[in-house]
1. Skipping prolines and chain starts, which residues have an amide H placed within reach, meaning under 5 Å, of the one on residue 53, given they are 5 or more residues away or on another chain?
2. Sequence gap at least 6, Cα distance under 8 Å: using those rules, report the relative contact order of the chain to the nearest whole percent.
3. Output the direction-averaged projected area (hull surface divided by four) of the convex hull of the alpha-carbon atoms of the stretch 114-244, in nm².
4. Output the pairs from 197/230; 98/146; 363/395; 152/197; 214/284; 237/284 with a Cα-Cα distance over 18 Å in this structure; if there are none, say none.
5. What does the highest-first list of 84-91, 184-191, 122-129 look like by mean Cβ count within 10 Å?
6. Quick one: which residues, 5+ away or cross-chain, put their amide H under 5 Å from the amide H of residue 182? H built at 1.01 Å from N.
7. So what's the projected area for the chain, the Cα convex hull averaged over all directions, in nm²?
8. Could you go through the stretch 164-180 in sequence order and give the Karplus-derived ³J(HN,Hα) for each residue, using 6.51 cos²θ - 1.76 cosθ + 1.60 with θ = phi - 60°, rounded to whole Hz, and x for Gly and Pro?
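The values are calculated or read from the model by the stated rules, or taken from the named source; none is laboratory data. Computed from a predicted structure; not experimentally measured. Positions of Cβ are backbone-derived with ideal geometry, glycine not excepted, and every protein chain shown enters the neighbour counts. The accessibility values were calculated without ligands, DNA or RNA, using every heavy atom of the protein model including side chains. Shrake-Rupley method; radii C 1.70, N 1.55, O 1.52, S 1.80 Å.
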Amino acid sequence: MIIILQYNNDMLIKIPEYVATLMKKLNENGYECFVVGGAIRSILLNMPVNDYDLTTNALPEETKSVFQSYHTIDTGLQHGTVTIISNHIPVEITTYRKDAEYKDHRHPDEVIFTTTLQDDCARRDFTINAFCYSQNTGILDFFDGKQDLDNKIIRCIGNPKQRFEEDALRILRAIRFASQLNFSIEYHTSEAILAKKDTLSYVSMERIQEEFTKFLKGPGFLPLFYPYRKVFAVFLKELNNIKEDWDVLLQQLAVSNEDVYVRLAIILSCPAFYDPKSVLKQLKYANKEINTVMQMIDHRKAPISTRVEIRHLLNSLTISFETYLQYREAMDRKKYPASYALYHSIITNKDCYSLSQLSLNGKDMLALGYTGKAISENLQYLLNSVIEDKVANNKEELIAYLKKAAS
């Protein structure tokens, strides 16, 4: 059933000129064209739109012919997609299509072009991702997506088990959307997620990590983590070994903020994860991201009660102290206002806690007659002495302190 949602298009649906121009040009050449999917969902939720995808009954070569004066990119002609550069912004235009059989649980064996918009929408994953819009029709909603949007529900289009069997990544996408939008997952869709979870083994780890990271960032993350733990255990097998620790872990996550790396560090600090660095590598996180998480885990028990202790920690950290303290407060389930105050005092007073802040440098050490490893070793000795308030960070006093130590 088609529902045409009667909105004031001028007030609610404001399509950017660079997109509207492309739609108009296709219409002028006798073709249909609609904005489809996430853009309309975001507009209805009053959320920012990251990109606009267009769908049309024009075949790929016909689309290219219409936009022959534009710069076009053959993004995926075999799948019906052409990218048009409009006002320096790429816009994907895809021919209406319906998918044939899926054999690898990720990609259809064949893409069949169709002339019917409803056929194209029927192949999409969730009802809230199947909205279409044009200026002439308003918003078209074939699968009661607006009702699900109003009720804050993630629901598959059609048979959920079949949809997840076709493309296993949809399993994580459903949970990720529920987390991002703070929605619940419809009962039959939820049942199918758990029933088909093992098909995630057909999905590349890069795509799994991308969806899992977005899930962790979402405001609705916590209520979903435990109910779908067996889904995440497909690629985080250590979760199966968490027994009585679940209550503690969930309490720690409950007081974390929406920093994905803090949440990752909390999860991987659980005793079930005996080698968190290997887990992060397996999930294909970048070295910088791995370092961010491991900095927190490696300094899990660092003392932070005194000015000297915090200076020592700052000398070891390459992440912000605020991020580290968010992790510690979640792990210890208590606040550290005194540590915050000491840290801000250290920064305000420009306390020395790193070699770059030390008033003596390598050139000075050479001038004093030091060479090779002795330079770095003695600079580190001086830095530790400054951190521990044994000597002031003053060039003359540092030299005198060094000479006294050598005598």
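1. The list, which skips near neighbours in sequence, is 36, 39.
2. Relative contact order for the chain comes out at 9 percent.
3. Averaged projected area of the stretch 114-244's Cα convex hull equals 9.1 nm².
4. 98/146; 152/197
5. Those peptides, ordered most packed to least, come out 122-129, 184-191, 84-91.
6. Under 5 Å from the amide H of residue 182 lie the amide H atoms of 220, each far enough along the sequence or on another chain.
7. Working: hull surface 107.3 nm².
Seen from a random direction, the Cα hull of the chain projects 26.8 nm² on average.
8. My calculation for the stretch 164-180 gives 6, 5, 5, 9, 5, 4, 4, 4, 6, 5, 4, 5, 5, 4, 4, 6, 5 Hz in order.
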